[in-house]
Structure formats: structure tokens, C-alpha cells
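Notes to accompany the following structure.
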């Protein structure tokens, strides 16, 4: 036992020496992950989009239409940046990307309303962007309903109805929206909490494949095995240990940024947070080992890891829900640790549900740790026989 | 005078034939390299398909929700039926307590809860405002949107109905009542992606990003491999003469441009047509936008490639930018909320303007004139990166030439020794 620990330590020290010998390691393990964390933290620090530019086309130019125009400017989400003369002009501004939406107040609005002719107010918004389009639609509908309610109220006042009665009559059924388990209506938080782990898994996968693949490519695998007493277990543990430590620290820094600086609600103990972070790092290291074991030629296993890592953004289901995808992809999605991590985050960390609701996700994460055992023999023989070396013709 | 003309003519001719040779050699190297072939052909061919299939349903339909009906009246049951009838949500359970509903939510059996108050009917009868509570989580923007959209719609419709009934009781005619309740009609016009399909949000951006990222990584792999292959790790081979900077840059660019122009026919022509994404842009408009985009991506790739010392370097050091670049393009987070720093960083990468321009042209039908800002930026990037590529390659060419002349002055034995050390 003592000798095993000693060999693991030796291999780990050898690995740290290798890491410091090339700039690439420091970049992929520390510099780029931290830059990504800072990038997303800074991009999303405002939380909710504000002051998105919109335009008003007032073809009426009467008291009511001007009041409408003023009302449109009151919500924090949007800001009227342009008053335009025609619908065509506004459409061109929308196409140019200068505004996200516009409202057209028709000619004779006031006259039509007074004469009970029910004029038509149209609003247009750029729906080519997911968040901006959804927010714009909600915002413009809300504004126009408020306006409609105001006119309704004025009419009833002339009919001589009492004020409190009017309020109830104008909008008999009110909807109050609540956030179920997290009080902040902050999209940025939800994006950042998932995108950051996705960035990190990319770095973990790449460096795991690289650190093993380079031993095969540069024919140093014999030396590596020699240091580890020819045990593949010792070899892998020693090699991966320094990365586990570093990535765990990076992930805790990421948690610090998310929960302390961006103020994401956290309803679990620091112990669980550390446990799930460690499990996440280990699961991706395991998949990295699997990639290089499956395809011991580094150029191919790096492609595989890249393909898998980039796909996580889609198949973790935070952009488009997994439940709405075709069945094949629902199964495929289970093969991504980040998906289970996201469940744990949403259920245990963010909402503070009891552990039993995220138990299955923990089991899945642990299951990934056994994946490398399927290819250990193949990897070991690749390390011994070095039979996966690309032939390079030197000119 | 005549003499110089002939030399100039022959020089141009020689330059062109050398450029062509470099271009053909680049083709050869690309086609011989399986890794590069996968990146340049398999990824652009497969990814768009894969994404289109993953997002195939495009929209969230019939999201399961629970309704906590405390009123249990015919009016509340009508409300639930109306809610169920919307395309967005499906009422999975409507006769449970709040505690049970929360439990279902925790087990992910329902994704939202609507609570109808006990006083629902009496409020309506007495002309009081009643409040329906909607509990939704923001964890999925699309779920949140579906629940809020459905409940607001049904509440407004129910409210209008109640209001009209009350006005009729007051002795108004039906038309009068309707106009009082709804003084003007509102018409919702979603521009670009009218159906709000998810694939139509994401795929156009993905297509453009795939072009840029595979180009830059592939050029990086080629450069890294060249350095590994060449003696003394030079980027420009030692043993070949007539590899001028301009010839190298133009020759290589010609090879990549040809491949990617063909790929664009598939990615930007066939994929949108097969899967029904926006395709408002004409061939001329797309060409005006995509030409400077591919050129600037290639020149940026050539510039960056000189820093990649090994075959794996570009994948290790550049792949990760794909995700931040998606966010920098401005399709997820509105550009009006970007800080000046990130707006500046955004201008470094051709993909940002190309994605924005592509969505504007293809989904909104913007003309070349309306996309002039993006097209201009792309041409500026093309110019700047062409200069940096020439500068970077010029340095490499000079280095090789310097090394060659240095070696020429050494005795043969010494060179052999140095080569042996390199190997």
C-alpha cells in the first residue's frame, strides 16, 4: 500500500514537471478557464436586459396618441430611441438592427376611439433572437394592454361609474407571476450557471486526452509506466491527480463568482457544493480517459472529445428542453455529466429541494467514473506497444 | 524599356504559376490528412443536420402544469379547460392541493403551477378583481415563456368575457360592450422566425460559427503539422525556394476559399431549404456578406496559425472560443446591454458581424444597404487580417531564408549532426 502511494506521488510529481515545461498546459488548465469565468461573469452581471431600443410611429399626432407614446416609454425593459414618420422607415430600422421593435399608432386613432370604431394598433418585434424576442413581445403587449385599460377607464368615467368598481371591471382576472423557488427573475444567472460548467468540461476533456495522448505520440509512455511500476491504475491516478486538484480549485473559484459575486441563490451547504464539484471534475476526467483509450491516436481522440464537448451545450438541455426533443436525443443526453449536474444545480442548490429529488443525478454522475474500466486494457497495450503512433515523414 | 516589360510579364506569370502550385500543394496536404478532412468536411456536413434533428420539434408544446383549483366552480373549471386548450400548456392535474402540486413539481412531473383562488366566482359575481397566481421557474426560459403566455392569454380572454357580460347587464348593446372592453385591437407581428421555432433561433448562428471555427482550427492544424514535419520546426519548408509571402498567403487562401465556397452552398443553401429556416436573402445578398466573411476568417486563421507549434495546439487553444463567440454575436444576450469592452472584443472576430448580418438578411429580409454596417466591418477585418497574415508569413519566410543561408555556410557534417539532433 505504501509503495503504491509512493509511486502515485512520483507519477504526480513527474506530471507537474511536464506541466510546467510547456506553456500550453498552464493556458488550458488555468488561464483560459479563468478568462472564461471572468468573461461570462462580466457579460451577465446586469442580470436582466434593460433599455432595449424601440421606435414609435405615431401617424395620429393627437392627445391620445401622444399619451400612448409617453406610456410606451415607461417600462425599464425598453427605451424609445426613435420617433419615425412611416411604417416603412421603422421596418427598415428593424431590419438594420437599430431597434428591437416598434409600435404603429394608426391615423385617426383618437377619432376612431371616440366614435367607437375600434381602430387597430400594430406592434412589430424582432423575433430572430430568443431572449430579446420573448421579452419584447411581453413588454409591448403589457404596454398596449395598459393603454387599452386606460381608455376603457376614461369611457367608464364618462358613463359615471365609481372608480374602484372601474378598476375591477377593466381587468376582472389579474395574473400575478411568482418565481417558485428562487426569487430573482434573472436570466443571466441561469445562463451563467450552466455555461460556465460547460466551458470547464471542454478544458477538462481536452487536457485529459492531451496529457495521455502526448505520452503515446512522443513515445514517453514507457517512462511513464516505469514510474508507476507498470500499473495502469497507478499511472492514471498519478497523472490525473494534479489536474483533479487544479480543476477542482478552478471550479470552486467559479462557484465563488456565481454564488458570492453574481449572487445566485444557494440553498445547500458548502460541503455538498464541494462534493458535486469534485464529482463533476472526476466524471469528465473519466470520459477523457475513455476517449483516449478508445482512440489512442491523439489526433482522433481530440476530435472525439471536441465533438462531445461542444455537443454538451445543446444536449444538456438548458437552451432547448430535453423533454421536447426526439426520443433518441433524450437517451443520448443522459450520456453528458453536465446534464445531471444541471439537475442537481436546479433541484438541490437553487431550489433547495430535499436530497432524494437529486439522488438519481448523483448516481448517474458516479456511474461515469466506471466508464474508463471498459477501455483500460486497450489503453495499457497502446502504452506498452506504442502501436498507435502516426507516421511522420520528415522532409 | 521593352526589356523591363518582358521581365515584369514573366515575373507575373511565374508568380501566378507559383501561387497555383502552392494552392495545389495545400489541396494535396488537406486531402491526405484524415484529421483535417474530418474537420473541414465531416463537421460542416454533419453538425447542421444533427442540430436540425435535435431541435426538430422547434417549439415547446403542451407543457405539463398542475392547477390548484380552490374555487371548484363551473367558472374555474371553464378557466382550466381554456388553459388546457392553449397550445403551450397541458393541465396534467387539476384537483390537488398546493402541497401535492409542489411535490409534483419537485419530481419534475409538472413544470409550473396555476392557483385559482377560493373567491374566484364570488369575486366575479360581485364585480371585484380576482387574482390567479402563476408559479413558474426561470430555469428554462422556454418553459417560463410558455406558462406565462398561456395564463395571461386565458386570463385576458376570461376577463374580457366577464366584462362584456357585465356591460350587457348594464343595458349596452353587444357591440358597445365589446368596444368598451377593447377600445382598440392589437395586432402582434413577430418579425423573422414568426413561429418562434427554436431551431430558427439557433441554427443560423451555428452555421456561420461552424464555418469560421473549422477554418481557423484546420489552418492551425495544418500549420502545426507542417512545423512537426519540417526539419528545425520551420513553418515554411526549408528545401523549397520561390515561396514568397504573397504567393503563400494567396495560394493557401485560394485553396480554403474554394472548399468553403462549395460548403456554403450546402450549409447556407440546402440546409435552410430542407429544414425550412428563413431564406429571404437572395444569392447576391448572401454572396456580398459571405465573401468577406470567409476571406477574413481565412486571413485570421493564417495569422493565428503561426503561433501553433504542434498539430494539437489549435484544437487545445482555440476550440473553447466557440461558446463565448456564440454569446458575443448578440443573438442570445441583446447587444444594447453589452459593455463597451465586450463590444470592442466582438469586433475582433468575423463571426459576430457575419451571424448578425446573416440573420438580418435571411430572416428579416434586410437588403445589402441595410446590412452595410456588417458588410463594411467584414471587409475591414479582411483588410486588416490580410496585412497581419502577410506580416506573419513574411516573418516565417524570412526566418526560413535566413536559416537556409546560415546552413549553406556550415559544413555538411555539421548540418547532418543538427538534423540528427532534431529527429
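The values are calculated or read from the model by the stated rules, or taken from the named source; none is laboratory data. Keep in mind it's a predicted model, so treat the numbers as computed, not measured. Here the Cβ is made from the backbone with ideal geometry for all residues, glycine too, and neighbour counts use every protein chain on show.
Values computed for the structure shown
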{"item": "Selection status of residue B:14, crowded, with 20+ Cβ neighbours inside 10 Å and more than 30 Å from residue B:274 (Cα to Cα)", "result": "no"}
{"item": "Selection count, the stretch A:315-346, where residues are within 16 Å of the chain's Cα centre (by Cα) and either at pLDDT 85 or above or more than 13 Å from residue A:195 (Cα to Cα) (or both)", "result": "16"}
{"item": "Breaking point among (1) crowded, with 22+ Cβ neighbours inside 10 Å; (2) at the interface with chain B (Cβ under 7 Å from one of its Cβ atoms), for residue A:193", "result": "(2)"}
{"item": "Residue B:294 being farther than 20 Å from residue B:33 by Cβ, in a helix (DSSP H, G or I) and either within 21 Å of the chain's Cα centre (by Cα) or within 13 Å of chain A (Cβ to nearest Cβ) (or both)", "result": "yes"}
{"item": "All positions within the stretch A:60-95 that are closer than 19 Å to residue A:110 by Cβ and crowded, with 16+ Cβ neighbours inside 10 Å", "result": "A:60, A:62, A:64, A:65, A:68, A:69, A:72"}
{"item": "Only one of B:89, B:67 that is assigned by TED's automatic domain parsing to the domain that holds residue B:170, surrounded by 14 or more Cβ atoms within 10 Å (Cβ to Cβ), free of Cβ contacts under 8 Å to residues at least 60 places away in the same chain and under 30 Å from residue A:130 (Cβ atoms)", "result": "B:67"}
{"item": "Enumerated helices (runs of 4 or more DSSP H) restricted to the stretch B:65-145, each holding at least 1 residues that are more than 8 Å from every other protein chain (Cβ to nearest Cβ), out of contact with any strand residue (DSSP E or B) (no Cβ under 6 Å at 6 or more places or on another chain) and over 30 Å from residue A:194 (Cα atoms)", "result": "B:74-85, B:120-126"}
{"item": "Selection within the stretch B:146-160 - under 23 Å from residue A:179 (Cβ atoms), in contact (Cβ under 8 Å) with a residue 12 or more places away in the chain and buried (at least 17 other Cβ atoms within 10 Å of the Cβ)", "result": "B:146, B:147, B:148, B:149, B:150, B:151, B:154, B:155"}
{"item": "Wholly within the stretch A:58-177, helices (runs of 4 or more DSSP H) carrying at least 3 residues that are facing another protein chain (nearest Cβ under 9 Å)", "result": "A:87-96, A:109-114, A:130-158, A:163-170"}
{"item": "Any hit, the stretch B:63-85, residues being more than 23 Å from residue B:144 (Cα to Cα) and within 41 Å of the chain's Cα centre (by Cα)", "result": "no"}
{"item": "Hey, residue B:338 surrounded by fewer than 21 Cβ atoms within 10 Å (Cβ to Cβ), free of Cβ contacts under 8 Å to residues at least 12 places away in the same chain and within 14 Å of chain A (Cβ to nearest Cβ) or not", "result": "yes"}
{"item": "Residues of the stretch B:163-197 satisfying the condition of being crowded, with 23+ Cβ neighbours inside 10 Å and either more than 23 Å from residue A:150 (Cβ to Cβ) or under 19 Å from the mean Cα position of the chain (by Cα) (or both)", "result": "B:192, B:193"}
{"item": "The stretch B:151-160, residues that are in contact with a strand residue (DSSP E or B) (Cβ under 7 Å, 6 or more places away or on another chain) and within 15 Å of residue B:78 (Cβ to Cβ)", "result": "B:151, B:155, B:158, B:159"}
{"item": "Enumeration of residues in the stretch A:1-23 that are in contact (Cβ under 8 Å) with a residue 60 or more places away in the chain and either surrounded by 12 or more Cβ atoms within 10 Å (Cβ to Cβ) or closer than 18 Å to residue A:203 by Cα (or both)", "result": "A:4, A:7, A:8, A:9, A:10, A:11, A:12, A:14, A:15, A:16, A:18, A:19"}
{"item": "Condition check for residue B:301: assigned to a helix (DSSP H, G or I) and either modelled with pLDDT under 90 or outside the structural domain of residue B:28 (by TED's automatic domain parsing) (or both)", "result": "no"}
{"item": "The stretch A:44-57 - residue that is in contact with a helix residue (DSSP H, G or I) (Cβ under 7 Å, 6 or more places away or on another chain) and either touching a residue at least 60 places away in the same chain (Cβ under 8 Å) or under 25 Å from residue A:224 (Cβ atoms) (or both) and, of those, surrounded by the most Cβ atoms within 10 Å (Cβ to Cβ)", "result": "A:52"}
{"item": "Enumeration of residues in the stretch B:277-312 that are surrounded by fewer than 21 Cβ atoms within 10 Å (Cβ to Cβ), touching a residue at least 40 places away in the same chain (Cβ under 8 Å) and under 12 Å from residue B:219 (Cβ atoms)", "result": "B:306"}
{"item": "Qualifying residue in the stretch B:181-204 (condition: over 21 Å from residue A:171 (Cβ atoms), at pLDDT 85 or above and more than 7 Å from every other protein chain (Cβ to nearest Cβ))", "result": "yes"}
{"item": "Residue match in the stretch A:15-30 (condition: under 18 Å from residue A:249 (Cα atoms), at pLDDT 85 or above and at the interface with another protein chain (Cβ under 9 Å from one of its Cβ atoms))", "result": "yes"}
{"item": "Residues (more than 9 Å from chain A (Cβ to nearest Cβ) and free of Cβ contacts under 8 Å to residues at least 60 places away in the same chain) located in the stretch B:47-63", "result": "B:62"}
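Residue-by-condition table, conditions (1) in contact with a helix residue (DSSP H, G or I) (Cβ under 7 Å, 6 or more places away or on another chain); (2) more than 28 Å from residue B:177 (Cα to Cα):
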{"residue": "A:103", "(1), (2)": "yes, no"}
{"residue": "A:107", "(1), (2)": "no, no"}
{"residue": "A:111", "(1), (2)": "no, no"}
{"residue": "A:115", "(1), (2)": "no, no"}
{"residue": "A:128", "(1), (2)": "yes, yes"}
{"residue": "A:134", "(1), (2)": "yes, yes"}
{"residue": "A:148", "(1), (2)": "no, no"}
